[in-house]
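S.K.: Got a structure for you, written out below as structure tokens; questions coming shortly.
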Amino acid sequence: MRKTFALCSISFLFFVHAVAQQSPDDVLGVWKNGEGTAMIKILKNGEEYQGKIVWLKEPNDPLNGKPKVDNNNPDADKKTQPVLGLTNVWGFRYKDGEWIDGYIYDPKNGKTYDCIMTMDEADKSKLNVRGYIMGMTMFGRTDTWVRQVARKK
């Protein structure tokens, strides 16, 4: 019993230390998505965090050779906007070591998902981005993004 309590106490202290070492602005910077097809620059907008696509592995549409546009967007007025420069993550706020209450838009399918982001505890150059359906975190997927440009302090 004492060993279990001691292990739980030590684990809790490590968790508190890890969260204490993390700053809300640690998420700022340029991140490459897990597929390696895009880079997203996360910025602070007031008290919230958002990100926009700043690089595409294939910036041009292979069918017409022109820059890719958001042709899967359900809003007809946005179907002609370029994917490069598109804000695709927004509304995040930092709480208890996580960036929560945000959204992620996938231009490949034109859908927007609820989203949460967490810094990988073992490797601060990795960001776990989980998109999910309407508050049901079990119905979604996690993509691990890798930091591309070190954040200036």
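S.K.: Where Lys and Arg each count +1 and Asp and Glu each count -1, what net charge lies around LEU86 among other residues with Cβ under 13 Å from its Cβ?
M.R.: Neighbourhood net charge equals +3.
S.K.: Using the basic label-point model (7 angstrom from Cα toward the beta carbon), what is the TRP55 to GLN81 distance in nanometres?
M.R.: 2.3
S.K.: Normalised by the number of residues in segment 49-92, what is the relative contact order in percent for Cα pairs under 8 Å and 6+ residues apart?
M.R.: Reported as a whole number, the value is 52 percent.
Throughout, read-outs are computed from the coordinates displayed, never taken from laboratory work. Bear in mind the structure is a predicted one, so any value in this text is a computation, not a measurement. Note that each Cβ is placed from the backbone with ideal geometry, even for glycine, and that neighbours are counted across all protein chains shown.
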